[in-house]
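See structure below.
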Amino acid sequence: MSNYYRPGGFGFSFFPPVIKNLLIINGVVFFLQLIMQGLTFQGVPGVYYLDHWFALNPLGYNFQVWQLITYQFMHGSFMHILFNMFALWMFGIEIENMWGSQKFLIFYLMCGVAAGITQLIFPPLFNEQLAPTIGASGAIFGVLIAFAMVFPNRYIFLYFFIPVKAKYLIIGYILLELYAVPQGGSVAHLAHLGGALAGFIYIMVDKKTTFSLGNIFRSSSNKPKSPYNPFGGIKDALKHKEKDVQEARFYEIKDEDKSVKDEISQEEIDRILDKISQSGYQNLSEKEKKILFEASKKMK
C-alpha cells in the first residue's frame, strides 16, 4: 500500500468548497481592481473609491466596520494575490477537509478580522504611517499557524527542493515578521502577527481540534519521500481519524448487522459526503461511518 493517499477519497479533494470559492472571489475582486485603475470619475481614479469604502482605513479616516471583512479580498499586485492564494490552497486544503467547510470559513474570516483589528490599534504605537490596508495575508497567517499546529512534523519542500518541517518553517515566518515590525515599510507585519495569534488562540481553546503542544516539540521519524507532494498527502491529514475508521470496521465485523448494508444507496452516500464537507468526518455517527466503510469495500 502506498504511504500517501491520493486526492478524491470520500469528501476530500484538492479544491474543497470554501477554498475554491475564496480563490474565485479574490480573483474576481482583483480583476475589478484592475478595471477600476483604468477608470476615472470626475477626475478621481476609480480605484480610490474602492480603497475609500472597502480597504481597511485607519480609525478616524473613514473606517467602516464592514472593512474588516472586505479588505481581506483586495490585493495590491499580481504577486501579492498569487502568493496569498497559493499559500491558502497549499496549507488550507487539509485543514478544511479535516474541520469541515463551515468551521474553516469561520476560522479564516476570524483570523482576518483579528489581523485587521491589530492593524487598526497597534501601528500608531510604533509610529508607523497610517494608510489603508488590503490583503488576505492576516487570514493566511492564521491558516499557516493551524497547519503547523496540526501537522508540526509534516515536511514542506521549500522552493520545491529543500525539505523543512512545517513547525520550523512557520516559526521562521513568525520570527521574520517580528524582526520586520520595527523596520516599518509598506507591509502590514502587525496584521500578519495578529492573524497568527488569533489562529493559535482559536486552536488552543477549540476542544474539537486534535492538538497537543507536545507534538510541536516531538520529533518524527517520518522522512519525505516525494518532492512532488510537498505536504504529505491526504493520508497524513487523516491520521487522527484512523482510530474512528478502525472502530467502524470492528463494529461491522462483530455486529453482523445487515441493516447497514441494506441502507446503502447513492443518495445516502451523497448525504454523508455533504455532511463531511460541512462539519468534518469527526462529526459522523458510527452508523454513517459504517455505511462509508461498506461503500468503500464495494468500490474495491
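The values are calculated or read from the model by the stated rules, or taken from the named source; none is laboratory data. Values in this document were obtained by computation on a predicted structure and should not be read as measured data. Cβ: placed from backbone, ideal geometry, glycine included. Neighbour counts: every protein chain shown. Protein only, heavy atoms only, side chains kept; ligands, DNA and RNA dropped before computing areas. Shrake-Rupley method; radii C 1.70, N 1.55, O 1.52, S 1.80 Å.
Can you spot a residue in region 131-141 that is more than 16 Å from residue 197 (Cβ to Cβ), of a type in the set (Ser, Thr, Tyr), at pLDDT 90 or above and touching a strand residue (DSSP E or B) at 6+ places or on another chain (Cβ under 9 Å)? Yes, region 131-141 contains a residue that is more than 16 Å from residue 197 (Cβ to Cβ), of a type in the set (Ser, Thr, Tyr), at pLDDT 90 or above and touching a strand residue (DSSP E or B) at 6+ places or on another chain (Cβ under 9 Å). A residue that is closer than 19 Å to residue 57 by Cβ, open to solvent by 50 Å² or more (accessible area, probe 1.4 Å), modelled with pLDDT under 85 and not β-branched (Val, Ile, Thr) occurs nowhere in region 158-166. Scanning region 62-79 for residues that are closer than 15 Å to residue 137 by Cβ and crowded, with 19+ Cβ neighbours inside 10 Å yields 68, 71, 72, 73, 74, 75.
Summed over region 26-51, residues that are open to solvent by less than 80 Å² (accessible area, probe 1.4 Å) and farther than 14 Å from residue 70 by Cα total 9. Does region 108-127 contain at least one residue that is among the aromatic types (Phe, Trp, Tyr) and within 17 Å of residue 69 (Cβ to Cβ)? So far as region 108-127 goes, yes, one or more of its residues are among the aromatic types (Phe, Trp, Tyr) and within 17 Å of residue 69 (Cβ to Cβ).
The single condition from (1) in a helix (DSSP H, G or I); (2) under 20 Å from the mean Cα position of the chain (by Cα); (3) within 15 Å of residue 194 (Cβ to Cβ) that residue 124 fails is (2). For region 91-100, the condition holds for at least one residue, the condition being that it is in a loop (DSSP other than H, G, I, E, B) and not hydrophobic (A, V, I, L, M, F, W, C).
Per the listing 132, 152, the residue uniquely touching a residue at least 60 places away in the same chain (Cβ under 8 Å) and farther than 25 Å from residue 55 by Cα is 152. Of the residues 105, 82, 59, 109, the single one that is more than 18 Å from the chain's Cα centre (by Cα), surrounded by fewer than 24 Cβ atoms within 10 Å (Cβ to Cβ) and at negative phi is 59.
I'd like to verify a number: residues in region 133-183 that are basic (Lys, Arg) and part of a helix (DSSP H, G or I), how many?
Number of matching residues: 1.
Among the residues of region 167-213, the one identified as surrounded by 18 or more Cβ atoms within 10 Å (Cβ to Cβ) and of a type in the set (S, T, N, Q) is 209.
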